[in-house]
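Every number here is computed from the coordinates shown, using simple stated rules; none is lab data. All values derive from a computational prediction rather than experimental measurement. Glycine also receives a Cβ, built like all others from the backbone with ideal geometry; neighbour counts cover every protein chain displayed.
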Amino acid sequence: MKLISFDPLRTLGLPGVRYIKPDSMLAHLDEIRDADWVLFPEYWQINTLLYALKKRIFPSPASYYLGHNKIEQTRAFQAICPQHLPKTAIHGSSRRALYQLLDEFALPLVAKAIKSSRGEGVALLKTEAELFDWAANHETLYIQEKLPIDRDLRVVWVGDDILDAYWRIAPQGQFLNNLSQGGQISREAIPQAALDLVTSLARQVGIDHGGFDLAVVDGWPYLFEFNRLFGNQGMLVGQKSNSELLLRYLQQPEDRRFHKPAASGMTDLSDI
């Protein structure tokens, strides 16, 4: 296979990869046209690659478009597995919207910036005053109920398989579980229901690269979000090879890669 990569670090270990700087894309159009796959383009490149050059890209278009914005991915997931999302409100930041939120949700609330990662742009709002202060700095509100958890689960999905899964446990008395915020790792008692949910959801919507963040309450998995690009700080080295999973996936026939729903309907996620 002829592979073009725009991110050399994320394609380490793949054979025969040609690295091109993203800003130099238009200077290498012949090589790109001749490639079987274009790997890890930046977000601003994907429309040119997909629609002008008709190239196959990895991660998939669904991974890019849904992973780019919390609102867009939440609405998509609400359409197919609402029972696996925490209670979520997407509102404007007017005073009327704030009072509506307070009618619908009990404090404390979890507020998230629309585009954020690594625990940044996430706040626990304990009072009405904190909610109004948050709204003063955010035109669109993304608000979720606070689940009774002290940890969340990161599930790493590459190609068509789970690469790794581990708990991220918040420091004593802290709210955020992210490793960058001081969270600790555990791989004990990973719930199969959460792994099944990620597998079914990723295949149904066509996500082939993502770090999925979930909570589990009384054995029931709740999906917070997925990030198209994820850090490797907590991942086991050598448990599975990222490059082997990726290469195996790229070599699959197209009808096996994209897992389109059967004509009779979508996969039922209600019992997962």
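With the convex hull built on the Cα atoms of the stretch 87-145, state its orientation-averaged projected area in nm².
3.5
For Asp7 and Thr140, calculate 0.36 nm times their separation in residues minus their Cα-Cα distance, and state this gained length in nm to one decimal.
44.7 nm
Can you pull the semi-axes for the stretch 1-133, root of five times each eigenvalue of the Cα gyration tensor, sorted largest first, whole Å? Spell out each step's value before the answer.
Values: eigenvalues 343, 43, 36 Å².
The equivalent ellipsoid of the stretch 1-133 has semi-axes of 41, 15, 13 Å.
If amide hydrogens are placed 1.01 Å from N in the peptide plane, which non-local residues have theirs closer than 5 Å to the one on Phe224?
The list, which skips near neighbours in sequence, is Asp213, Leu214, Ala215.
In the structure shown, do any of Lys87/Lys112; Lys21/Lys115; Lys55/Lys115; Lys112/Lys146 have a Cα-Cα gap over 22 Å, and if so which?
Long pairs (Cα-Cα over 22 Å): Lys21/Lys115; Lys55/Lys115.
Enumerate the calculated ³J(HN,Hα) couplings along the stretch 29-43 in order (Karplus 6.51 cos²θ - 1.76 cosθ + 1.60, θ = phi - 60°), each rounded to whole Hz, writing x wherever the residue is Gly or Pro.
In residue order, the calculated couplings are 5, 5, 5, 5, 4, 7, 7, 6, 9, 10, 10, 6, x, 7, 4 Hz.
Return the FRET efficiency for the residue pair Ser94, Leu50: r is the Cβ-Cβ distance, R0 is 41 Å, and the value is rounded to the nearest 0.05.
0.65
Can you give the relative contact order of the stretch 1-147 as a percent, counting alpha carbon pairs under 8 Å and 6+ residues apart?
For the stretch 1-147, the relative contact order is 18 percent.
Return the sequence-ordered ³J(HN,Hα) values of the stretch 213-219 in whole Hz as given by the Karplus equation 6.51 cos²θ - 1.76 cosθ + 1.60 applied to θ = phi - 60°, using x for Gly and Pro.
Result, ordered by residue: 10, 9, 10, 10, 10, 6, x Hz.
If we count every other residue with Cβ under 13 angstrom of Leu3's Cβ, Lys/Arg +1 and Asp/Glu -1, where does the sum land?
+1
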